[in-house]
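*Asks:* So that we are looking at the same thing, I have put the structure below in structure tokens.
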Amino acid sequence: MARFVLRRLLQSVIVLLGVTLVVFLLLQLVPGDPVRVALGTRFDQQTYDALRARAGLDQPLITQYLSYVGQALTGDLGVSFRSGQPVTTTVLQRLPATLSLAVTAVLLALLVAFPLGVLSAVRSGSALDHVARVFSQIGVSVPDFWMGIMGILLFAGVLGWLPPSGYVALTEDPAGWASHVLLPAAAVGLVTASILTRFIRSSVLEVLSEDYVRTAEAKGLRPRIVVLRHVLRNALIPVVTVVAVQLASLVGGVIVIEVLFAWPGVGRLTYDAVQARDYPVLQGAVLFVAALFLLMNLLVDILYARLDPRIGVR
Amino acid sequence: MSVRKNAPANAPASSREDAPASGREGGPASGPGDGTLRRALAALRYDPPAVVGAVVLALLLVVGVAGRWLAPDGVNDVDVEGMLRPPSADHPFGTDELGRDVLSRVLVAARVSLQVGLVSVGIALLVGVTVGLLAGWYRGWVDNVLMRGMDVLFAFPVLLLAVAIVAVLGPGLLTAMVAIGVVYTPIFARVTRAGVLSVREQVFVRAAVSIGASDARIIRRHVLPNIAAPLIVQTSLSLAFAILSEAALSFLGLGIQPPDPAWGRMLYDGRGFVTEAWWLGVFPGAAIFLTVLAFNLVGDALRDVLDPRQLTVDEARRSGA
């Protein structure tokens, strides 16, 4: 187990170094001078020189990269071209909004996917199973932002039950937060639910065909007990990891939903940075999310190895 | 979950019909296009959802090619007096905030989606297969360097990386295609490498090596035909994801630029009016949904027939295959 963790940790560090290189090189791909592009019509030599020096763009490329990695290691992701604020502070300020949306979406998804996936596997071939399979096929094909627009149309436009967009912090007004988070979380959650339903169904089906399940049935245990005590405990091990991977994906993957619902998270920050050509913020947000994504995947792998000791041995 | 519906799909093509089995290197090649595809298409006929998907895709292809001629109005014919008109006989999908015919724009935008899907997956296929072949065949440091590079690309959430690439290269159709192609490259590299690692240990490949066939010849005539099945499946499923990604980029204003229509962009432009003009939200979104659904139905059926053990993107992320 310790060797497995160490190996995965080392792999993650190497990949993280590669990630910093890609993010660093992104700025070099900007056609022309990124500072000139960012300044646009507000160009004046003094501001230009100051921004270039502050971003370290007057240094040789290799020095720039080493300095970028060194600063990133200390949590310094640079300074915004626009606001002059440290990028790390800006990203961390936006993180709670994204996390609250992603966690709510995954919880809503589980609420649907868990019973649907388990029941469709236990009653494989039944009408419910067909419903679950159609649901999951539709869910993976629907763009989440279209679901969001349909949600706005129905629940904000026609019924008037929920606000069409906006954000209230959970700590300030939990009820207001809940009413604002429901539509975006449901839009994202539907897609996640369809993926989870498929996965839970196939995982439960796989365990149902194991010998120990047949033995449990043969010794006369009631079906409910067999499912609860023998099937779910084993079937849910891979599901736990998939849920965590989905959560990690959502933290960096809800840009469109955050833009649609004016949700001030990291995705919206990335979008605003793109619009404003604020490259340090774009770089910082992308690096932060990718590092978080890597970290969560690493934790998932360790958790998986912990739950299923065979993984650490392979 | 998938049920294999016909004979062993992964049996090496070379061992069935190719020369090495009969001891003759360089015999009739089993190209990816002959046995595998024919078998898949034959099996698809008995899968009703796949037939529906294939019909939708065929219609979409017609619309994609002939959309401009099928469109009842010009896509950029502005009519300030006919703004936000609901669906009617004149405008079956209504008009948008500039009085343009939504049906015409939805029809013409099909070409953009198909074009981006095909070109971006083509880029991912070309680069990913090349990387996977080199990594799996030569192994050692080549494998390490190339696959760690793929791991790095896999470490980014897909849409985030695509947005970042388009942001620095500048928005537009070409950059959107390149960005989507780059983010889907690693999955093709992993699928290819896994296939090569398995095929290179087969007897017919060792026989070809032992009689002095060149690497390029063995890869072309023996390896590629035997890894065609998972690649065909991955291509069809990736097309669905690529079209979703293009719609998302267009929605963010990073795809094709106005006034040319794209389904995602139409949704973005119409989002402010959607509570008073539902048709602006419904029709472009339904077009994306049907297209992606059709690709998924065909892709799933192909997977059931050709490669039931194929990894999903999520599984591939986790496996490090």
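The values are calculated or read from the model by the stated rules, or taken from the named source; none is laboratory data. Since the model is a prediction, treat every value here as computed from it, not as a measurement. Cβ sites come from the backbone with ideal geometry, for glycine too, and all protein chains shown count toward neighbours.
Yes/no per residue for (1) of a type outside the set (D, E, K, R); (2) at the interface with chain A (Cβ under 8 Å from one of its Cβ atoms); (3) touching a residue at least 24 places away in the same chain (Cβ under 8 Å); (4) under 13 Å from residue B:255 (Cα atoms):
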| position | (1), (2), (3), (4) |
| --- | --- |
| B:125 | yes, no, yes, no |
| B:140 | yes, no, no, no |
| B:143 | no, no, yes, no |
| B:146 | yes, no, yes, no |
| B:153 | yes, yes, yes, no |
| B:165 | yes, yes, no, yes |
| B:174 | yes, no, no, yes |
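*Asks:* Before we move on, is residue B:118 assigned to a helix (DSSP H, G or I), of a type in the set (A, V, I, L, M) and touching a helix residue (DSSP H, G or I) at 6+ places or on another chain (Cβ under 6 Å)?
*Replies:* Criteria not met by residue B:118.
*Asks:* Testing residue B:129 on (1) in contact (Cβ under 8 Å) with a residue 60 or more places away in the chain; (2) of a type outside the set (S, T, N, Q); (3) closer than 20 Å to residue A:26 by Cα, one condition comes back false. Which one is that?
*Replies:* Only one criterion is unmet by residue B:129, namely (3).
*Asks:* Scan the stretch B:56-106 for residues that are assigned to a loop (DSSP other than H, G, I, E, B), touching a Pro at 6+ places or on another chain (Cβ under 7 Å) and of a type in the set (Val, Ile, Thr) and jot them down.
*Replies:* Listed by number, the list holds a single entry, B:75.
*Asks:* Being more than 10 Å from every other protein chain (Cβ to nearest Cβ) and closer than 30 Å to residue B:270 by Cα is the filter here, so list the residues in the stretch A:119-135 that pass it.
*Replies:* A:135
*Asks:* Moving on to the next point. In the stretch B:71-97, which residues are buried (at least 16 other Cβ atoms within 10 Å of the Cβ), under 15 Å from residue B:273 (Cβ atoms) and touching a residue at least 24 places away in the same chain (Cβ under 8 Å)?
*Replies:* B:84, B:87, B:93, B:94, B:96
*Asks:* For a quick check of your reading: which helices (runs of 4 or more DSSP H) sit entirely within the stretch A:213-314 and have at least 1 residues that are away from chain B (no Cβ under 11 Å) and farther than 23 Å from residue A:183 by Cα?
*Replies:* A:232-253, A:279-307, A:310-313
*Asks:* Please verify whether residue B:159 is within 21 Å of residue B:198 (Cβ to Cβ), surrounded by 20 or more Cβ atoms within 10 Å (Cβ to Cβ), touching a helix residue (DSSP H, G or I) at 6+ places or on another chain (Cβ under 7 Å) and not small (Gly, Ala, Ser), treating the condition exactly as stated.
*Replies:* Taking the combined requirement at face value, the residue does not satisfy it.
*Asks:* Within the stretch B:128-145, is even one residue assigned to a helix (DSSP H, G or I), within 23 Å of residue B:298 (Cα to Cα) and not β-branched (Val, Ile, Thr)?
*Replies:* Scanning the stretch B:128-145, I find at least one residue that is assigned to a helix (DSSP H, G or I), within 23 Å of residue B:298 (Cα to Cα) and not β-branched (Val, Ile, Thr), so the answer is yes.
*Asks:* Name every residue in the stretch B:281-300 that is in contact (Cβ under 8 Å) with a residue 24 or more places away in the chain and either among the hydrophobic types (A, V, I, L, M, F, W, C) or in contact with a strand residue (DSSP E or B) (Cβ under 9 Å, 6 or more places away or on another chain) (or both), in order of residue number.
*Replies:* B:283, B:287, B:288, B:290, B:292, B:293, B:294, B:295, B:297, B:298
*Asks:* Scan the stretch A:190-203 and give yes if some residue there is outside any helix (DSSP H, G or I), within 14 Å of chain B (Cβ to nearest Cβ) and at pLDDT 90 or above, otherwise no.
*Replies:* no
*Asks:* Scan B:255, B:285 and give me the residue that is under 22 Å from the mean Cα position of the chain (by Cα) and not in a helix (DSSP H, G or I).
*Replies:* The match here is B:255.
*Asks:* Being in a helix (DSSP H, G or I), within 10 Å of chain B (Cβ to nearest Cβ) and not β-branched (Val, Ile, Thr) is the filter here; which residues of the stretch A:137-150 pass it?
*Replies:* A:137, A:141, A:144, A:145, A:146, A:147, A:148, A:150
*Asks:* What is the one condition in (1) of a type in the set (D, E, K, R); (2) closer than 30 Å to residue A:298 by Cβ; (3) more than 11 Å from chain B (Cβ to nearest Cβ) that residue A:33 does not satisfy?
*Replies:* Status for residue A:33: all satisfied but (2).
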